[in-house]
1. Output the residues belonging to the stretch 1-59 that are touching a Lys or Arg at 6+ places or on another chain (Cβ under 7 Å), part of a loop (DSSP other than H, G, I, E, B) and closer than 24 Å to ARG136 by Cα.
2. Would the stretch 28-43 turn up any residue that is touching a residue at least 24 places away in the same chain (Cβ under 8 Å), assigned by the TED database to the domain that holds VAL116, surrounded by fewer than 19 Cβ atoms within 10 Å (Cβ to Cβ) and among the basic types (Lys, Arg)?
3. Give the number of residues within the stretch 186-204 that are more than 19 Å from LEU126 (Cβ to Cβ) and touching a helix residue (DSSP H, G or I) at 6+ places or on another chain (Cβ under 8 Å).
4. May I ask you to verify whether SER172 is outside the structural domain of SER54 (by the TED database), among the polar types (S, T, N, Q) and open to solvent by 30 Å² or more (accessible area, probe 1.4 Å)?
5. Being open to solvent by less than 30 Å² (accessible area, probe 1.4 Å) and either closer than 21 Å to ASP30 by Cβ or under 14 Å from the mean Cα position of the chain (by Cα) (or both) narrows it down to one of GLY119, GLY127, so name that one.
6. Keeping to the stretch 101-114, report how many residues are touching a residue at least 12 places away in the same chain (Cβ under 8 Å) and open to solvent by 10 Å² or more (accessible area, probe 1.4 Å).
7. For the stretch 134-141, state whether one or more residues are open to solvent by 10 Å² or more (accessible area, probe 1.4 Å), in contact with a Leu (Cβ under 9 Å, 6 or more places away or on another chain) and in contact (Cβ under 8 Å) with a residue 60 or more places away in the chain.
8. Quick check on the stretch 73-100: of everything there that is in contact (Cβ under 8 Å) with a residue 24 or more places away in the chain and outside any helix (DSSP H, G or I), which residue is surrounded by the fewest Cβ atoms within 10 Å (Cβ to Cβ)?
Amino acid sequence: MTDTEVRAAITAERTELAEILTGLAAESWDAPTLCRGWRVREVVAHITLPFRLSEPRFALELLRAAGGFNRLADHAAHQDAARFTAEDLLKSLWDNVAHPWKPPGYGFAGALCHDVIHGLDITVPLGLERRVPEDRLRVVLDAVNPKSVKFFGVHLNGIELRAEDLDWSYGSGEVLSGAAQHLLLVLCGRTLPDGTLHGDNAQRFTWSGQHGRHRKHLPSPA
């Protein structure tokens, strides 16, 4: 995709997530997500944080967090989720569906990765049958490499991730299969609902009756 095409994909992705959130029952904003310790409202607060935080303010907050981005992200998500109502957070998303933010060093593809993954963090545990369009998903899958997998602390030695819904695989060894978007979440350190994945190693990456986990708050697509 060209930058123009990726920006159009970002706008579409945010718009579709905003439409989903618009239809959520009020209590669903307090439902757990695949991000450990974050409810839907914290994830939406995190997605919309770049629209509220200027680059100089971000640098200052990062300094206050002793250079720890995850620490900053977690603090800001909880702070903003408490400070803003669900309606405020949703309005921020609607108002910024075409915002030109991109994570430093990763370009617009990095912004699309951010939105796709965090959208799935919300929709998968809520049991919503939302499929990321293949062209957007391909951009995110193409960004996967050993460096990004290591960033999320995922150990896949002896395992091949193999998509059941499109021609894509990663790694080698015993096959762990599932929808491509669910395998993407495995690569990002999430644990998924029981029954989502198939193979002898599925239990390592799934949970039953528990919340998922999220080791890092920002995908590293480079």
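The values are calculated or read from the model by the stated rules, or taken from the named source; none is laboratory data. Since the structure is predicted, the reported quantities are computational estimates derived from the model, not experimental observations. Glycine gets a Cβ as well: all are built from the backbone with ideal geometry, and neighbour counts include every protein chain shown. SASA here: full protein model, heavy atoms, side chains in, ligands and nucleic acids out. Shrake-Rupley method; radii C 1.70, N 1.55, O 1.52, S 1.80 Å.
1. THR33, LEU34
2. Yes, some residue in the stretch 28-43 is touching a residue at least 24 places away in the same chain (Cβ under 8 Å), assigned by the TED database to the domain that holds VAL116, surrounded by fewer than 19 Cβ atoms within 10 Å (Cβ to Cβ) and among the basic types (Lys, Arg).
3. Selection size over the stretch 186-204: 1.
4. Spelling it out, SER172 is indeed outside the structural domain of SER54 (by the TED database), among the polar types (S, T, N, Q) and open to solvent by 30 Å² or more (accessible area, probe 1.4 Å).
5. After ruling out the rest, the residue left standing is GLY119.
6. Of the residues in that region, 6 qualify.
7. From the stretch 134-141, those open to solvent by 10 Å² or more (accessible area, probe 1.4 Å) are 134-136, 138-139; that's our starting set.
Filter once more, keeping what is in contact with a Leu (Cβ under 9 Å, 6 or more places away or on another chain): 134, 136, 138-139.
Going one step further and asking which of them are in contact (Cβ under 8 Å) with a residue 60 or more places away in the chain, we end up with 136, 139.
The answer is yes, given that some residue of the stretch 134-141 is open to solvent by 10 Å² or more (accessible area, probe 1.4 Å), in contact with a Leu (Cβ under 9 Å, 6 or more places away or on another chain) and in contact (Cβ under 8 Å) with a residue 60 or more places away in the chain.
8. My answer is PRO100.
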